[in-house]
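For reference, the structure is listed below as structure tokens.
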Amino acid sequence: MNFSEVFKQSNQLCRVSPDGKYLATCVQYRLVVRDVNTLQILHLYTCLDQIVHMEWSSDSLFILCAMYKRGLVQVWSLEQPDWYCKIDEGSIGLVSSRWSPDGRHILNTTEFHLRVTVWSLCTKAVSYIKYPKACQKGIDFSRDGCYMALAERRDCRDYVSVFVCDDWHLLRHFETETQDLAGVEWSPNGCVLAVWDSCLEYKVLLYSLDGRLLSTFSAYEWSLGIKSLAWSPSSQFLAIGSYDGKVRILNHITWKKVTEFDHPASINNTKAVVYKEVERKPVVGSADLFIQQRITMGSTLFNTQSKYEICPLPVQVPVVKPDLDRANPKVGVSSMAFSSDNRYLATKNDNMACVVWVWDMQRLGLLAVLEQTSAVRCFQWDPRRPRLALCTGNAKLYLWSPAGCVSVQVPAEGGFQVQSVTWHCSGDSLILLGKEQLCLVSHPCR
Amino acid sequence: MCTTSKDYTGAIEHLFMFLDAPELQNEAEDVNCWWEIKDTSCSSSRYRISSLRQYSQSSVLPLPMTRNPYTMPTISAFCTEDNVSECISYINQEVSSLGFPLLCTESNNGPELNLVAVLNNVYNLLQLHRRCLQTVEEIEVEQVKSNSNMDYLQLSNTRLKDQLELSKRENTGLLERERQLQLKVKSLHNCLKNEKEEVQKLQSIIASRATQYNHDMKRKEREFGKLKERLNQLLIDKKDKKQTFEVLNYVGRSDGKRSLWKTGKTEARHEGEMYKTLLNDYDSRHKDLLMENAELKKVLQQMKRDMVTILRPRKPSQSGEKHDDSLEQTSSEEDEVCDSSRESLELSCEHAREQLTNSIRQQWRRLKSHVERLDSQASLVGERANMNAIPKEVHEEEMDRLKLEIQQYKDFIHTQQQLLQQLNSPCDDETASLLNDCYMQEEKERLKEDWKSFEEKRKNFEAERKNFTEAAIRLSHERKAFEEDRATWLKHQFLNLTPFGDQMKPQMSKSQSALSGCAESEVRPMSTPAKLNKSLSHTAFSTSRASPAKTPSTADLYRTHCLIPEKSPSTIHPKQDSSILRNGDVPAQLRHVNGGANCRAYTFTGDRNGSI
């Protein structure tokens, strides 16, 4: 495992190009493009203001940099460094900007969600889509980039519009049976659109591409409902995480519940392995050892070492009792991710912030539990292998695979605290993002 | 009761029987004894009666005095020497008035006291008196009983009263509590009602609020929408800061094509593409399902085949022809179905599928019933086994036997192991020595044990010998006494021939009494020399007169103590000897080895005794 030197970044803006060749980072108002392998700067672009959002186009030829406060979007080309494009949304404001899947259009959402402006880089054409809904996930493109689903709100009713991304032709427009639509998400094969209601009502609606309602699922009523939703890469399963701390898995044939994964405070499932992170404080007192450590370990000296131990069952998982009077209580399954081979599902329940649960989707049961010493910030599956990387906001990187668990100290100067991890699309390297820095890890676990 | 003067004695005796004072009865017994003695010595009845009368007057009269002292003084004052006749007439009168027979018989010289009648009357009176006393006593007892009963009843009455009081109090307490609880219930009911009302109110409030909220939301949303619209319009109308789009030069499409005009055609194309993707998806899904179906069908077929093969061999073993028939029928059907389904597996048409599932279901049912039958059979067999269970004792016996066998085999194995070790040991000197040590130790242990057992045996023998010597000593003492007696007897015999025989007699009897009865009986035959030999053979210590006092042999001792059957030494067969020997009778053996030479044996044992 090789750790690169640490680079500066701001606003956690660091993206690898979709083809995996470049690494773009933003430092204040500058955009730096590096080669992933050599990490040498290839291009350097200067924007008009501090960059808030940055995105690669799907063909890795353009980079979009958005400055929401100014309502500005700047696009840079890798092929032609002196090519430029600047979009000023003017006084209408800007809250979100993104590429269309073809990498030739930019979708800007204006303030108050007045409209979505579609700017084309190919033609001068500008299209407006009115009444977009301000919600958790109002826009979703299908995986193949053909269709876009957009949640709309008109006359106190929710609608979904399906556009053909090619020429922004409105393919379907239908009303959904939701009280307050919270999000739309295409299945990976692009044939089914999952629509879910806001947290006040547990309701998932499944629409076919042609707008037919395939099924409706509701696990319970009169309680806080869905918090997160995830499709398995094969479109076979739809995992629904809810505020009751459970994950419900629907199948793609009958759209009925296959199973239910609970996140109990006491784990006594004999088939599950519980990995507990145990910290080892460095021995202070023997000066020689101290110096030796200083030499060998550098800045990691003041960081504590940690390792995983397998806990004998039953295990009590630390549970934080949420303050239910405040908005957005820390309960429920907030993040879920399927591994690329559909084998595993990783989940995190918010009132057990230190724990990541890994479920076996073949056995439909709990496989592993990772109990960290601090709250888990982010976890992501290796896009190629069944390998999960996670971070907890300290100077360590944690990796889980069916073979076991490992905790790696980041040997970076000055207290590198990993806030998020991103896999390179080849799965050969990892990008660790600190507060102001980033670090590339190549060949993890090799 | 008393009719003749001969019955007097009996009557008086009878009268005595009524006197229940213990001291008197004792005396009466004495009298009876005396009576019997006197009877044999035959004295006149008159005398006896008079004496009896005297006795009875002296003894009977004090009895009522002690019993009822109030009545007796009147009697003493009632009759005096002077007014006997008046008394008699008075009593006669009284007696007659009471319905008793008259005491006097009119004779020529005035009324004469009829003793028989008097006695009868007295007897009757006494009986009456007794009866009265008895009844009085009974009544008294009854009274006491009733008194105690009364006391008890009173006590229980008071207790019950107390209880009643208590329960009354409790009852009132409970009633009070019930009242309170009812009050509480009422208040709670009221509360509940209030709460319900409140809940209803709140629910209605909530509902109204919800509707209001929804309404407001909708209104606000509409307003928001209007505002948005207006803002949009304003922004569009406003000229000062418009949206700008600056681009150096337009880039080509990612697919390299030129964009197409929006026409009806494009719409149709989009629709077509959409349906194509959908169709593709459905196709792939359909394919997956088909594959899965085929797999499942294969599994089903295999399962069916397995079932058939499982069920077929059972067929002949089935008891009952009906079963067989049905089985054959169904199996033939099954085969048909199986074949047809196998053929139509690829077709997967509705009919074939139905057939397959039906056949599977049938098979399954049969398998289930078969398994159930087997289960029931197994349970039946189990019950039968329980019924026919071997009795416990037999079991235990068998177990014990087996355990014993196991122990034996273990021992065998142990010895074999030992032997093996002994065989193997020479290869290693140290272990060999160790083993040898072990064996030595074992040998020592064994010897010790043997020694212990020997010691025990020796002790037993010692104890026995002690007993025997004691017995011998006793016997010798007795013999001495006997000898003395014999001497005196001889002396007596000798003296009998002399004129002082009578004088010697009491002395003789004295010495006899000193000896036990058996000795006495023993003495008698001694007088006849003919019987002497016989007695010699019979008894242990009746040796020849000439032989001196010796300690007897153990065998003889045994015999005297009835330990071995009494037999003459000459008649003992060798076989019996051997049996005795086997019993470990060492002294007997000794004697018989000596060939029945009693004298020598005696001397031998005597010597031994002497030495001890």
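The values are calculated or read from the model by the stated rules, or taken from the named source; none is laboratory data. Keep in mind that this is a model prediction, so the values were computed, not measured. As a convention, Cβ positions derive from the backbone with ideal geometry for all residues, glycine included, and neighbour counts pool all protein chains shown.
Report the residue count in the range A:208-220 for those that are out of contact with any Phe, Trp or Tyr (no Cβ under 7 Å at 6 or more places or on another chain) and away from chain B (no Cβ under 11 Å).
1
Does the range A:144-181 hold any residues that are away from chain B (no Cβ under 13 Å), of a type in the set (S, T, N, Q) and not in a strand (DSSP E or B), and which are they?
A:THR176, A:THR178
Yes/no matrix, rows are residues, columns are (1) closer than 20 Å to A:LEU107 by Cα; (2) within 14 Å of another protein chain (Cβ to nearest Cβ); (3) at pLDDT 90 or above; (4) surrounded by fewer than 21 Cβ atoms within 10 Å (Cβ to Cβ):
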residue: A:ASN2; (1), (2), (3), (4): no, no, no, yes
residue: A:GLY20; (1), (2), (3), (4): no, no, yes, yes
residue: A:ARG30; (1), (2), (3), (4): no, no, yes, yes
residue: A:LEU44; (1), (2), (3), (4): no, no, yes, yes
residue: A:GLU55; (1), (2), (3), (4): yes, no, yes, yes
residue: A:TRP76; (1), (2), (3), (4): yes, yes, yes, no
residue: A:GLU89; (1), (2), (3), (4): yes, yes, no, no
residue: A:GLY93; (1), (2), (3), (4): yes, yes, no, yes
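Restricting to the range A:405-446, name every residue that is touching an Asp or Glu at 6+ places or on another chain (Cβ under 7 Å) and in contact (Cβ under 8 Å) with a residue 60 or more places away in the chain.
A:SER407, A:SER442, A:HIS443
Can you tell me which residue is nearest to the other protein chains (Cβ to nearest Cβ) among those in the range A:95-106 that are hydroxyl-bearing (Ser, Thr, Tyr) and buried (at least 20 other Cβ atoms within 10 Å of the Cβ)?
A:SER100
Consider A:VAL315 carefully, then state whether it is of a type in the set (Val, Ile, Thr), out of contact with any Cys (no Cβ under 9 Å at 6 or more places or on another chain) and crowded, with 22+ Cβ neighbours inside 10 Å.
Here the answer is no, as A:VAL315 does not meet what is asked.
Pick out the one residue from A:ILE240, A:ILE139 that is away from chain B (no Cβ under 14 Å), over 29 Å from A:GLU111 (Cα atoms) and either buried (at least 18 other Cβ atoms within 10 Å of the Cβ) or free of Cβ contacts under 8 Å to residues at least 40 places away in the same chain (or both).
A:ILE240
Of the conditions (1) within 8 Å of another protein chain (Cβ to nearest Cβ); (2) part of a loop (DSSP other than H, G, I, E, B), A:THR38 fails just one. Which one is it?
Going through the list (1) within 8 Å of another protein chain (Cβ to nearest Cβ); (2) part of a loop (DSSP other than H, G, I, E, B), A:THR38 breaks only (1).
What are the residues in the range B:283-311 that are farther than 17 Å from B:ARG353 by Cα and out of contact with any Phe, Trp or Tyr (no Cβ under 9 Å at 6 or more places or on another chain), if any?
Passing the criteria: B:ASP283, B:SER284, B:ARG285, B:HIS286, B:LYS287, B:ASP288, B:ASP306, B:VAL308, B:THR309, B:ILE310, B:LEU311.
Right, A:SER340: in a loop (DSSP other than H, G, I, E, B), closer than 23 Å to A:ALA230 by Cβ, at pLDDT 90 or above and in contact with a Gly (Cβ under 9 Å, 6 or more places away or on another chain) or not? Steps first, please.
Numbers: in a loop (DSSP other than H, G, I, E, B): yes; closer than 23 Å to A:ALA230 by Cβ: yes; at pLDDT 90 or above: yes; in contact with a Gly (Cβ under 9 Å, 6 or more places away or on another chain): yes.
So A:SER340 fits the description; yes.
If we keep just the residues of the range A:187-214 that are part of a loop (DSSP other than H, G, I, E, B) and among the polar types (S, T, N, Q), which is nearest to B:THR277 (Cα to Cα)?
Top of the filtered list is A:ASN189.
Given the criteria part of a helix (DSSP H, G or I), surrounded by 13 or more Cβ atoms within 10 Å (Cβ to Cβ) and modelled with pLDDT of 75 or more, does B:THR469 qualify?
Values: part of a helix (DSSP H, G or I): yes; surrounded by 13 or more Cβ atoms within 10 Å (Cβ to Cβ): yes; modelled with pLDDT of 75 or more: yes.
Answer is yes for this residue.
Check the range A:200-212 and report whether any residue there is of a type outside the set (D, E, K, R) and closer than 27 Å to A:CYS354 by Cβ. I'd like the intermediate steps shown before the answer.
First pass over the range A:200-212, keeping only residues of a type outside the set (D, E, K, R): A:200, A:202, A:204-209, A:211.
Then drop every residue that is not closer than 27 Å to A:CYS354 by Cβ, which leaves A:202.
There is at least one residue in the range A:200-212 that is of a type outside the set (D, E, K, R) and closer than 27 Å to A:CYS354 by Cβ.
Does the range A:372-388 hold any residues that are closer than 21 Å to A:VAL317 by Cβ and in contact (Cβ under 8 Å) with a residue 24 or more places away in the chain, and which are they?
Result: A:GLN372, A:THR373, A:VAL376, A:ARG377, A:CYS378, A:PHE379, A:LEU388.
Look through the range A:365-417, keep the residues that are among the β-branched types (Val, Ile, Thr) and touching a Lys or Arg at 6+ places or on another chain (Cβ under 7 Å), and return whichever of them is surrounded by the fewest Cβ atoms within 10 Å (Cβ to Cβ).
Looking at the filtered set, the residue picked out is A:VAL408.
Take the residues in the range A:215-237 that are in a loop (DSSP other than H, G, I, E, B) and surrounded by 19 or more Cβ atoms within 10 Å (Cβ to Cβ), then tell me which one is modelled with the highest pLDDT.
A:SER232
Kindly indicate the residue of the range A:243-253 that is surrounded by fewer than 20 Cβ atoms within 10 Å (Cβ to Cβ) and within 14 Å of chain B (Cβ to nearest Cβ) and also nearest to A:ALA265 (Cα to Cα) among those meeting that condition.
Residue satisfying both the conditions and the ranking: A:ASN251.
So is B:ARG209 surrounded by 10 or more Cβ atoms within 10 Å (Cβ to Cβ), modelled with pLDDT under 90 and away from chain A (no Cβ under 11 Å) or not?
yes
Which members of the range A:57-74 meet the condition of being of a type in the set (Ser, Thr, Tyr) and within 13 Å of chain B (Cβ to nearest Cβ)?
Once the filter is applied, which keeps residues that are of a type in the set (Ser, Thr, Tyr) and within 13 Å of chain B (Cβ to nearest Cβ), the range A:57-74 yields A:SER57, A:SER58, A:SER60.
Touching a Phe, Trp or Tyr at 6+ places or on another chain (Cβ under 8 Å) and surrounded by 10 or more Cβ atoms within 10 Å (Cβ to Cβ): does that describe B:ARG130?
Yes: the conditions hold for B:ARG130.
Given the conditions (1) modelled with pLDDT of 80 or more; (2) under 30 Å from A:ASP88 (Cβ atoms); (3) within 11 Å of chain A (Cβ to nearest Cβ), which single one is not true for B:MET274?
(2)
Please tell me if A:ALA134 is within 13 Å of another protein chain (Cβ to nearest Cβ) and small (Gly, Ala, Ser).
For A:ALA134, the condition - within 13 Å of another protein chain (Cβ to nearest Cβ) and small (Gly, Ala, Ser) - is met.
Can you find a residue that is more than 7 Å from chain A (Cβ to nearest Cβ), exposed (fewer than 13 other Cβ atoms within 10 Å of the Cβ), modelled with pLDDT of 80 or more and farther than 21 Å from A:THR117 by Cβ anywhere in the range B:230-239?
no
Of the residues B:THR266, B:THR309, B:THR277, which is among the hydroxyl-bearing types (Ser, Thr, Tyr), loosely packed, with under 11 Cβ neighbours inside 10 Å and in a helix (DSSP H, G or I)?
Answer to the check: B:THR309.
Among the numbered criteria (1) buried (at least 18 other Cβ atoms within 10 Å of the Cβ); (2) at the interface with chain B (Cβ under 10 Å from one of its Cβ atoms); (3) in contact with a Ser or Thr (Cβ under 7 Å, 6 or more places away or on another chain), which single criterion is violated by A:THR109?
Tallying (1) buried (at least 18 other Cβ atoms within 10 Å of the Cβ); (2) at the interface with chain B (Cβ under 10 Å from one of its Cβ atoms); (3) in contact with a Ser or Thr (Cβ under 7 Å, 6 or more places away or on another chain), A:THR109 fails exactly one: (2).
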